[in-house]
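S.K.: The structure under discussion is supplied below as structure tokens; questions concerning it will follow.
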Amino acid sequence: MTATDHRPAKASSGERVADWFDGRLGVYALGRRYLRKVFPDHWSFLLGEICLYSFVVLILTGVYLTLFFHPSMNEVTYHGGYLPLNGIRMSEAYASTLHISFDVRGGLLVRQLHHWAALVFLAAMLTHMMRHFFTGSFRRPREVNWVFGWTLLLLGLFEGLFGYSLPDDLLSGTGLRFVDGAILSVPVVGTYLSFFLFGGEFPGHDIVARFYSLHILLIPGIMAALVVAHLILVVYHKHTQFAGPGKTERNVVGTPFLPVYLAKAGGFFFLVFGVLALISAVATINPVWSYGPYRADQVSTGAQPDWYLGFAEGLVRVMPGWEISVAGHTLVLGVLIPIVVFPLLLVAIGVYPFIESWVTGDRREHHLLDRPRNRPVRTSIGAAWISLYLILLAGGGNDIVATRFHLSINTVTWAVRISLFVVPVVVFVVTRRICLGLQLRDRELVAHGRATGVVKRLPHGEYVEVHRPLGPAELHTLTEHEHRDRSDRDLQTADPQPALDGAGVPARHQEPQP
């Protein structure tokens, strides 16, 4: 054997590049720690991914649209691909929107993809937050992350408002008139705020340029930072998980990020992208060419905002037109009260984790999720809030409802006003009773097992139905919350149990909580 046989093999170019980056960035240590991070496997976790992927679609399509959009209210005479509007005076913003829709290759598809992604993004955020609300994952130590998500939802509402106001069409102009009226109702400083925002008397000449800067720079930058912070906290706190055999407050059971979850996430991204593209290709949304350019002396009929702001308009439409005078100032309560209630409805979501912690006195860390039926009060509050939101959404379209169903608009408005106070209370009571009924049903299952439909005759002549005992996994799911609630001390001192799969075999992938 020669000396040359003991020399180490020469590293490949790929290994040398990896070593170079690892020596300067520590990527190997980071990858070893985080690429094997465990993710619980449950369909509800996909809601957060829909939020993330639709946000990515929004960024990509938004960058494309900025290449062709002109955020200016200078008047021009349109000569473009949409012949019915040729020769019409309009703003550069509206003209460039028509140019994107009819003269830029693929422009209309990208415009509609951007708009549909915005609607899905906000819908997924609201649904994602409601999933966290009903399962209690907002509790310690995740209160800050809940506030981050709530802030993203709030910014998304205004980002959508600014976005669909940019084309300067008759529909968006009517929406801005609504915004101007709400600002003017603010006592003392309302007129000053309106002049500052619009750069003069409504509609002014600066509003599109100002909304454009907010829409493409400030708000997206803040939202991107919040998304990153949100994901960092998810990694730091680990994922919550539904109760099951071997799942405790001190571990996470699921599949590793690499390669299993990464493959699923990649496929799901293209699935979300593909569905959004399909919807955008076959379903027209915001056809600004049908509305025409905005003129201050015109109002479009059947004007409706996007769904996520419909409840704000509903607050104004169902409010009586009350006015009072205080110290020489006229207070338009018909608008002032709704613009005060509007943020309160949203703030109630943001502060709920802290209110529940204070009311219940629960200061423990929680990493296992609740079944909604086992928290009837919280579930009833969430259901009542959703019912209130839906009633206001219907109130925001009271004219459409009256027209479609051939009803008096006054009848529809009064029905919404009454429902606003009655329906949430009824929903709260009914939901709570349903939750308590489901709890009783679970206890019956635990005590007697599941009915098989087989009737057996006993020796003394009595007929009984045969019940099948529940398996260990199902028993654990139905009774785990009782064990958690029975003793906080046991929860804090219990030794972590090995994670078991459905067959009672130790699971492969589990990760301890920090």
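The values are calculated or read from the model by the stated rules, or taken from the named source; none is laboratory data. The shown structure was predicted, so the numbers you read here are calculated from the model rather than taken from an experiment. Glycine also receives a Cβ, built like all others from the backbone with ideal geometry; neighbour counts cover every protein chain displayed. Surface areas here come from the heavy atoms of the whole protein model, side chains and all, with no ligands, DNA or RNA. Shrake-Rupley method; radii C 1.70, N 1.55, O 1.52, S 1.80 Å.
S.K.: Take the conditions touching a Leu at 6+ places or on another chain (Cβ under 9 Å) and assigned to a helix (DSSP H, G or I) and apply them to GLU313. Does it pass?
M.R.: When the stated conditions are applied, GLU313 passes them.
S.K.: Please determine, by comparing only the residues of region 403-420 that are assigned to a helix (DSSP H, G or I) and over 30 Å from the mean Cα position of the chain (by Cα), which one is farthest from GLY314 (Cα to Cα).
M.R.: Across region 403-420, the extreme among qualifying residues is THR403.
S.K.: Look at SER165 and say whether it is crowded, with 17+ Cβ neighbours inside 10 Å and farther than 22 Å from LEU46 by Cβ.
M.R.: Yes: the conditions hold for SER165.
S.K.: Right, another one. For the subset of region 316-335 comprising residues that are part of a loop (DSSP other than H, G, I, E, B) and at pLDDT 90 or above, which member is farthest from LEU126 (Cα to Cα)?
M.R.: Taking the candidates together, the pick is PRO320.
S.K.: Can you give me the number of residues within region 94-110 that are over 30 Å from the mean Cα position of the chain (by Cα) and β-branched (Val, Ile, Thr)?
M.R.: 1
S.K.: Which pairs turn up if I take residues in region 141-164 that are within 24 Å of ASP362 (Cβ to Cβ) and look for partners that are open to solvent by less than 30 Å² (accessible area, probe 1.4 Å) and outside any helix (DSSP H, G or I) with beta carbon separation below 7 Å, at least 6 apart in sequence or on another chain?
M.R.: Correct list of pairs: TRP146/PHE138.
S.K.: Give region 394-423 a look and list any residue that's open to solvent by 60 Å² or more (accessible area, probe 1.4 Å) and either under 26 Å from SER44 (Cβ atoms) or not charged (D, E, K, R) (or both), or say none.
M.R.: THR403, PHE405, HIS406, LEU407, ILE409, ASN410, THR411, TRP414, ILE418, PHE421, VAL422
S.K.: Right, something else. Quick check: anything in region 222-232 aliphatic (A, V, I, L, M) and over 25 Å from LEU152 (Cα atoms)?
M.R.: No, there is no match, as no residue in region 222-232 is aliphatic (A, V, I, L, M) and over 25 Å from LEU152 (Cα atoms).
S.K.: In region 78-125, which residues are of a type in the set (D, E, K, R), touching a residue at least 24 places away in the same chain (Cβ under 8 Å) and surrounded by fewer than 22 Cβ atoms within 10 Å (Cβ to Cβ)?
M.R.: ARG89
S.K.: Could you list all residues from region 184-203 that are open to solvent by 30 Å² or more (accessible area, probe 1.4 Å) and in a helix (DSSP H, G or I)?
M.R.: Passing the criteria: LEU184, THR191, TYR192, LEU193, PHE195, PHE196, LEU197.
S.K.: Okay, moving on. Sort through LEU157, LEU153, LEU171 and tell me the only one that's part of a helix (DSSP H, G or I) and more than 22 Å from PHE198 (Cα to Cα).
M.R.: None of the other options fit; the residue is LEU153.
S.K.: Specify the residue that is most open to solvent (accessible area, probe 1.4 Å); the eligible residues are those in region 240-287 that are part of a helix (DSSP H, G or I) and in contact with an Asp or Glu (Cβ under 7 Å, 6 or more places away or on another chain).
M.R.: PHE268
S.K.: Within region 334-351, work out how many residues are open to solvent by less than 30 Å² (accessible area, probe 1.4 Å) and either over 25 Å from SER172 (Cβ atoms) or not hydrophobic (A, V, I, L, M, F, W, C) (or both).
M.R.: So the count comes out to 4.
S.K.: Could I ask something else about it? If you take the residues of region 424-445 that are surrounded by fewer than 17 Cβ atoms within 10 Å (Cβ to Cβ) and of a type in the set (Val, Ile, Thr), which of them is farthest from GLY471 (Cα to Cα)?
M.R.: VAL425
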